[in-house]
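Taking it in order: structure first as structure tokens, then the write-up.
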Amino acid sequence: MQRNLEALSNETFDILIVGGGAFGAALARDAAQRGLRTALVEKGDFGSGASGNSFRVVHGGIRYLQHLDLARVRHSARERAILLATAPHLVRPLPIVMPTRGRGRRSRTLLRAGFLLYDLLTADRNRSGTDPACRIPNCSMLSTERVTELFPGLPAVGLTGGGLFYDAQMQHPARLVLAMLRSAHDDGAVLANYAEVDELILSGSRVVGARVVDREGTGESLEVRAQVVVVAAGAWTDALLGRKAALGSPAHASFSRDLCLLTDLPAEHGYALAVPGVHHDPDAVLTRSARHLFVVPWLGRLIVGVWHRVYEPRPDELVIGEEEMEGFVQEADSAFPGMGLTRERVVAHNTGLVLMEGFLEPGDAPRFGKRSRLVDHRREGLSGLLSLIGVRYTTARYDAARTLDLAAAQLPKRTAPCRTDRTALPGSTFESLAGLHEKVSRASPHLPAPIVDGLCRRHGSAWEAVMAQSTAAELNSPLPGSGVLGAEVVHAVRNEMALHLDDVAMRRTELAAHGCPPSAALEAALHLMAGEFGWDEERKREELQRVRNAATGPARLIPGASV
């Protein structure tokens, strides 16, 4: 997978996709698989926005029972099953415990009834998978003793036990984006990161392409021509459409600045906890209490979230104030005091902009987005243009399919139907996770079990391509103080379009998964990348500064001596 801007301007594509997050990547994968000549450009790095900074949960729809939206329950469970079946190394089941208390809305009786309905609605939830490790069990009820055994710090007053249900968890959201892009590339798509659309190109009342600026290196501008342009740039979508008066005034969308905290608190087991926060869902018809906060294990540590706030400023100005951060920590500590969360235990935070329902002003209560916004601009008299703003990572595949069905009506040739619901993503060609682990361990006996697990989790059956970069011990050994192999850094540069140190540390590997990477590991990764690109000392200092600058970006690393 190589960056080739020249290839973008050499032909007229069937589809040009603007945006390289989960929805843009899903569009590129589906379009290329249908046999369409496909191009995708992304202004930053792939998965560097809300997609890569998500809470990592693949929602199976249980929360939508509160809205009596049974169709959405079914739809979410189906998309979760497809992800578990097509990307089993990147998406795994996540058990979640929901405590019950007293009588009424938070009681065992009400929760058991909801669980029974959910199990009935999603009875076919495992139809797509074969690996037992990726199956979603039925919901069940837990005793008070079992709940307190798992979460001993829960307040005991009124506790009557709990319920256990399953969602799924993305092991690495940005790598899931990369897997979709790899699939698109393998089917012929032309991809480029750090390539920003300056404006859309019109011919009469039809959009025929985009003017793209190379933000990496030359800064040159080129024209990319396409039969249909799909803008899937998330919170940047309306700003891009609004740059050209002939496109009309885009519908104003409201966004929530969603936030989760990454902590250094150890995960004692693999169960997540759902506890009431302080905010309510105004659209819920049936609700047990306030909207839940979740304490979720991830890579041996705990993540806490999600907080929502209606956000109005420009997407590039996304910041979290220290006073806000303290408030979030206090709310989480009040909801689950036994966790022991303090400001000092927060090592990083992830935040991104997520579509809300309707038009909201800052300070309004969030009305959580229910469905993605798909606009066919022919209704405004403008052909060749569609725009898609996604709501949930879970539905990216489905929303891409329905977008391309609309796009197909504007293409001069017939297109094949969507088959992404039954096509495995790259790295998924193995029978079971256990078998994959055993195979990697046999082939690389020098690697400790945690390193093998990380290699399988990030690359799946493509691990051999990573290890094939070199037989040198420097590459086939972990970077100092980390679980990342040197070969992964080189593979990211040669085959995954990693152009900067933060691309590797934050999106291709897990170097920055727990905050700032260890100094020795970061320096080792920098050394390998400098060897690949021929960076001089000044450029190496700039690359280190880019990682430091992440302290003020959407994926904020708490500053420390390690960088």
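Here are the numbers:
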quantity: Given charges at Cβ of Lys, Arg, Asp, Glu: segment 433-557 dipole, positive-most of Ala521, Val440, Val490; calculated: Val440
quantity: Cα-centre dipole for segment 118-214 with unit charges at Cβ (Lys and Arg positive, Asp and Glu negative), debye to 20; calculated: 180 debye
quantity: Total lysine pairs whose alpha carbons fall under 30 Å of each other in the chain (8 or more apart, or interchain); calculated: 6
quantity: Taking Met1, Met497 and counting other C-beta atoms within 10 Å, the order from fewest to most; calculated: Met1, Met497
quantity: Mean Cα-pair separation over length for segment 59-203, i.e. relative contact order, pairs under 8 Å, 6 or more apart, %; calculated: 30 percent
quantity: Dipole magnitude of segment 433-557, debye to nearest 20 (Cβ charges: Lys/Arg +1, Asp/Glu -1, about Cα centre); calculated: 320 debye
quantity: Charge dipole (debye, nearest 20) of the chain; +1 at Cβ of Lys and Arg, -1 at Cβ of Asp and Glu; calculated: 2180 debye
quantity: For the chain: relative contact order, % (alpha-carbon pairs under 8 angstrom, 6 or more apart); calculated: 19 percent
quantity: Structure-derived volume of the Cα convex hull per residue in Å³ - corresponding label in (i) 162; (ii) 144; (iii) 181; calculated: (ii)
quantity: Per-residue ³J(HN,Hα) for segment 10-23, Karplus 6.51 cos²θ - 1.76 cosθ + 1.60, θ = phi - 60°, Hz, x for Gly and Pro; calculated: 8, 7, 9, 8, 6, 10, 10, 10, 9, x, x, x, 4, 6
quantity: Farthest positive-ward along the chain dipole, Cα basis, beta-carbon charges - from Leu511, Leu299, Asn10; calculated: Leu299
quantity: Peptide ranges 486-492, 350-356 listed from the most packed, as the mean C-beta count within 10 angstrom indicates; calculated: 486-492, 350-356
quantity: The chain, helix-only ellipticity at 222 nm - DSSP H runs n ≥ 4, -39,500 (n - 2.57), divided by all residues, nearest 500; calculated: -9000 deg cm²/dmol
quantity: Amide H contacts of Glu199 (H built 1.01 Å from N, under 5 Å, at least 5 apart or other chain); calculated: Arg211
quantity: DSSP beta bridge pairing in the chain, given as percent antiparallel to the nearest 5; calculated: 75 percent
quantity: ³J(HN,Hα) computed for each position of segment 48-59 - Karplus, 6.51 cos²θ - 1.76 cosθ + 1.60, integer Hz, glycine/proline x; calculated: 8, x, 4, 4, x, 10, 7, 7, 6, 9, 9, 6
quantity: Length-normalised contact order for segment 451-490 - Cα pairs under 8 Å, 6+ apart - percent; calculated: 37 percent
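A short reminder: the numbers here are calculations on the coordinates, not readings from a lab. These numbers were taken from a predicted model, which means no experiment stands behind them. Neighbour counts run over all protein chains shown; Cβ positions are idealised from the backbone, glycine included.
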